[in-house]
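Trainee: One structure follows; several queries about it will come next.
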Amino acid sequence: MRAIPLKSFASLAVVGLLVTGCGQGLLGGDGGEAAKADDPIVLGMLIPQSGSEAAIGPYMSNAAQLALDEINAKGGILGRKLELKTADDACDAQSAAAGANKLVTEGVDVSVGGYCSGATLPTLPIFGKANIPMIIPAANSQELVDQKLKHVFLINGTGSQQAAAAEKWITKQGAKSAVLMHDNTSYSKDIALRTKALLDAPGGAEAVLVETVTPKESDYSANITNVLAKKPDFVYWTGYFQEGGLIARQLRQAGYKGSIMVGDGSVSPKLVEIAGAEAAEGVYATMTQTPETLEGAEGWVAAYKKKYNAEPGPYSNQAYDAVRLAAEAVAKAGGTDGAKVIAALEAMDGFSMFSGPLKFTPEHTLSSGGFQILVVKDGKITLQDSLK
């Protein structure tokens, strides 16, 4: 999908929103909620703030707050300010459920979080029972889609779309045999099995092994032995960066010379840090747009760096867009009634996001996943192939 062409993205946070400004637009009108006219519109964000994926949390919450601040500086929505409340899901189902209940109790109007699919899944009925729409910026297991829940919208490419990108790249590289490795979580297993099904079709590389690993271990030598016994041209790890870094390092230490690729859950500077620069060099990744691969987003990156004195990271842009989309939906709905916000999201057509103009499919997913191939080069994760 096409990135947003712009010279200064800092002002774009409200560009798409201001077009709804007649009648009950963003900057005025009671939206049918006169009794709540002075109350903030509260967005809730479940993110990993502890545990092995905690490095991702600040990227998402910082970007979300940046979008809020920009919108509030222009007057807010329907005369009301936006407010962000976060909760820690620790990339863990039990913690996520507790965090979701906490956010519901705190009165959030729209959920704009969700990083780990396995942690996001148990929150779907919690937010649904409270009639809270969910705009999920990162979690993308096909299992989320398969729930067919009206209040759930994904703005990251799905597991099936990621698997298609993986198969396309593996085939394009001329691989004859591939090993798929996952950690048995919903997200990771889903991508691995969908990739295998595509590879098993005539004309593709042969999926010679699907290897399951136990997450949060330090030694994957037994798994590496199983992989090397198959002599694959290509190894695709579909889990998170903690294990991904270790697997890449241990594969190279064991003498593996073939291609290594990781899924989007492993796209983080931490992958390079854990694997080591030498082992990480040349590792591919399936991933949607990142701050480093966005065209024309220099102004937005500069605004993020100015505010936080740090670079934006993976899922910063998706989190930023989730807030903007929530704001637009509330504006079009004329308030925070869940059913009306859901209807507004379903009717979106052309709303500008980093991934391109938005229009949801009937399954509430992006019509095109926007997956591309990244590669570690000189210690940095850069664009290898847009797959266009």
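Trainee: ³J(HN,Hα) across the range 106-120 via Karplus (A = 6.51, B = -1.76, C = 1.60, θ = phi - 60°), whole Hz, x for Gly/Pro?
Mentor: Ordered by residue, 3J(HN,Hα) equals 7, x, 5, 9, 9, 8, 10, x, x, 10, 7, 5, x, 7, 6 Hz.
Trainee: Here's a follow-up. If you find the alpha carbon centre of the range 127-182 and of the range 267-289, how far apart are they in angstrom?
Mentor: What the calculation gives is 20 Å, centre to centre.
Trainee: Right, another one. Enter the mean projected area of the convex hull around the alpha-carbon atoms of the range 227-331, in nm², rounded to one decimal. Could you put the intermediate results ahead of the total?
Mentor: On the way: hull surface 33.9 nm².
The directionally averaged projection comes out at 8.5 nm².
Trainee: Please find, in a Gaussian network model of the chain (springs between Cα atoms separated by less than 10 Å), the residue of A197, A100, A248 whose mean-square fluctuation is greatest.
Mentor: Highest fluctuation among the options: A197.
Trainee: Just to confirm the number: angle between the C-alpha axis of helix 298-308 and the first principal axis of the chain, 0 to 90 degrees, nearest 10?
Mentor: 80 degrees
Trainee: Would you please put 312-318, 54-60, 359-365 in order of how densely packed they are, using the mean number of other Cβ atoms within 10 angstrom per residue and starting with the highest?
Mentor: 312-318, 54-60, 359-365
Trainee: Where does the chain land at 222 nm, in deg cm²/dmol rounded to the nearest 500, when only DSSP H runs of n ≥ 4 count, each adding -39500 (n - 2.57), divided by all residues?
Mentor: Roughly -11000 deg cm²/dmol at 222 nm, from the helical runs in the chain.
Trainee: Mind checking Rg over Rh on the chain, alpha carbons, Kirkwood formula for Rh?
Mentor: Numbers: Rg = 20.7 Å, Rh = 21.0 Å.
My calculation of the ratio gives 0.98.
Trainee: What translational diffusion coefficient, to the nearest whole µm²/s, does the range 159-232 have by Stokes-Einstein, given a Kirkwood radius computed over alpha-carbon pairs, a temperature of 10 °C and 1.306 mPa s viscosity? Provide the component values of the computation, followed by the final result.
Mentor: Working: Rh = 12.7 Å.
It comes out at roughly 125 µm²/s.
Trainee: While we're looking at this one, here's another question. Comparing T123, T105, T158, which has the greatest mean-square fluctuation in the GNM of the chain with Cα pairs linked when under 10 Å apart?
Mentor: T105
Trainee: Going by alpha carbons, how many degrees (0 to 90, nearest 10) lie between the helix axis of 159-172 and the longest principal axis of the chain?
Mentor: Between helix and principal axis, roughly 40 degrees.
Trainee: Return an integer: the convex hull volume of the alpha-carbon atoms of the range 165-297, in Å³ per residue.
Mentor: 105 Å³
Trainee: Work out the charge dipole of the chain with +1 on the Cβ of Lys and Arg and -1 on the Cβ of Asp and Glu about the Cα centre, then indicate which of N101, A192, G370 is farthest towards its positive end.
Mentor: G370
Trainee: Keeping every protein chain present and rolling a 1.4 Å probe, give me the accessible area per residue for the chain in Å².
Mentor: For the chain, the solvent-accessible area averages 38 Å² per residue.
Trainee: Then there's this: Near the amide H of I136, under 5 Å away, which other amide H atoms are found, from residues 5 or more places off or on another chain, if H is placed in the peptide plane?
Mentor: Here the answer is F153, L154, I155, since their amide H atoms fall under 5 Å of that of I136.
Trainee: Compute the distribution of all C-alpha to C-alpha distances in the range 119-190, in bins of 5 Å from 0, and list the percent of pairs in each, rounded to whole numbers.
Mentor: 3, 14, 22, 21, 14, 11, 7, 4, 2, 1
Trainee: Let me ask something else about it. How many percent of the accessible area of the range 280-363 is carbon or sulfur, using a 1.4 Å probe?
Mentor: 49 percent
Trainee: Taking only Cα atoms, what is the 0 to 90° angle, nearest 10, from helix 316-333's long axis to the longest principal axis of the chain?
Mentor: That works out to roughly 30 degrees.
The values are calculated or read from the model by the stated rules, or taken from the named source; none is laboratory data. Note that the coordinates shown come from a computational prediction; the quantities given were computed from them, not determined experimentally. So basically every Cβ, Gly included, is an ideal-geometry build from the backbone, and we count neighbours across all protein chains shown. Side chains are part of the model used for accessible areas, which takes the heavy atoms of the whole protein and leaves out ligands, DNA and RNA. Shrake-Rupley method; radii C 1.70, N 1.55, O 1.52, S 1.80 Å.
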